[in-house]
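A quick write-up on the structure given underneath.
The values are calculated or read from the model by the stated rules, or taken from the named source; none is laboratory data. Keep in mind the model is a prediction, meaning the values are calculated, not measured. Glycine also receives a Cβ, built like all others from the backbone with ideal geometry; neighbour counts cover every protein chain displayed. Calculation scope for accessible area: heavy atoms of the full protein, side chains included, ligands and nucleic acids excluded. Shrake-Rupley method; radii C 1.70, N 1.55, O 1.52, S 1.80 Å.
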Amino acid sequence: MGALVKVSIIYYSATGHVAEIAREMAESATKAGADVRLRRVGELAPQAAVETRPERAFDAEMTADVRVAKADDVATADDLIWADAVLMGSPTRFGNVSAQLKHFLDTLGGAWQRGLLADKVYSGFTSTGTLHGGHESTLLALATTFHHFGGIVVAPGYTHPAKFTDGNPYGTSHHDAGGAQPVDDVTRAAARIQAERVVGVARSIGAARAAA
Ligand SMILES: Cc1cc2nc3c(=O)[nH]c(=O)nc-3n(C[C@H](O)[C@H](O)[C@H](O)COP(=O)(O)O)c2cc1C
């Protein structure tokens, strides 16, 4: 096996779907030999608004063990600076990245200015409520930011036969059908393929840099 690849998986999730994809990716990346940080970004919605949506308790439940295992599980700029590869996920909000993840991105100006976000592998994932509700627009919006970082954007493409089943070459995307459809085997397979590809490409880049 080559050098240990450092992967940060950074996400926002309100009702647990993106969190579940992130966890699947974390497991896959770990199995692929990576050193993995799994990090949520902080909540921006007022507590009163959160409490009006009981389904949001789901995310707290899904990520409880992550919280217990890592008290420092809220993402910071260091999680990107540390990493060779970053997998970043957000629910689709009006066809775009959630304000919570965008707010986190907007805290990265200093690191960006010092060139600390460049030359890493980046890849995105999302979840929507409806089948055509903005998977691709959200993933492309994330990729826009990755370009500004000077990132090496690694999409899954159709690099595995299973990609013809989930059908999204831009990144893993789930649709929760208004909360009725939990993250399923198709989405999990896509998450594994993407995580393994990200680790593999980051490893190859690391090896090439070490040899240069
Ligand atoms: C304010 C808001 C805007 C949303 N906008 C969209 C949208 O544009 N398209 C869509 O399909 N679903 C939309 N949704 C649904 C979420 O994207 C969907 O439920 C997603 O799976 C949630 O991910 P999470 O469980 O990780 O929070 C929206 C939800 C909220 C609360």
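Looking only at the stretch 134-148, which residues are more than 24 Å from Ser204 (Cβ to Cβ) and within 16 Å of the ligand (Cβ to nearest atom)?
Gly134, His135, Glu136, Ser137, Thr138, Leu140, Ala141 - these are the residues of the stretch 134-148 that are more than 24 Å from Ser204 (Cβ to Cβ) and within 16 Å of the ligand (Cβ to nearest atom).
Which of the residues belonging to the stretch 168-212 are closer than 18 Å to Thr126 by Cβ, polar (S, T, N, Q) and surrounded by fewer than 17 Cβ atoms within 10 Å (Cβ to Cβ)?
Gln181
Ile152 passes all but one of (1) under 19 Å from Met25 (Cβ atoms); (2) without any contact (Cβ under 8 Å) to a residue 40 or more places away in the chain; which number fails?
For Ile152, the failing item is (2).
Do any helices (runs of 4 or more DSSP H) entirely within the stretch 46-94 hold 1 or more residues that are modelled with pLDDT of 95 or more, and if so, which? Don't jump to the end; show me each part of the working.
Working: elements: 47-51, 57-62, 64-69, 77-82.
The helices (runs of 4 or more DSSP H) meeting that bar are 77-82.
Being open to solvent by less than 30 Å² (accessible area, probe 1.4 Å) and touching a Phe, Trp or Tyr at 6+ places or on another chain (Cβ under 7 Å) is the filter; apply it to the stretch 129-153 and report the residue that is nearest to Gly109 (Cα to Cα).
Looking at the filtered set, the residue picked out is Phe149.
Just give me the residues in the stretch 103-133 being within 16 Å of the ligand (Cβ to nearest atom), under 16 Å from the mean Cα position of the chain (by Cα) and either of a type in the set (A, V, I, L, M, F, W, C) or assigned to a loop (DSSP other than H, G, I, E, B) (or both), in sequence order.
Keep residues of the stretch 103-133 that are within 16 Å of the ligand (Cβ to nearest atom), which gives 103-104, 124-133.
Still in the list and also under 16 Å from the mean Cα position of the chain (by Cα): 103-104, 124-128.
Hits for the stretch 103-133 are Phe104, Phe125.
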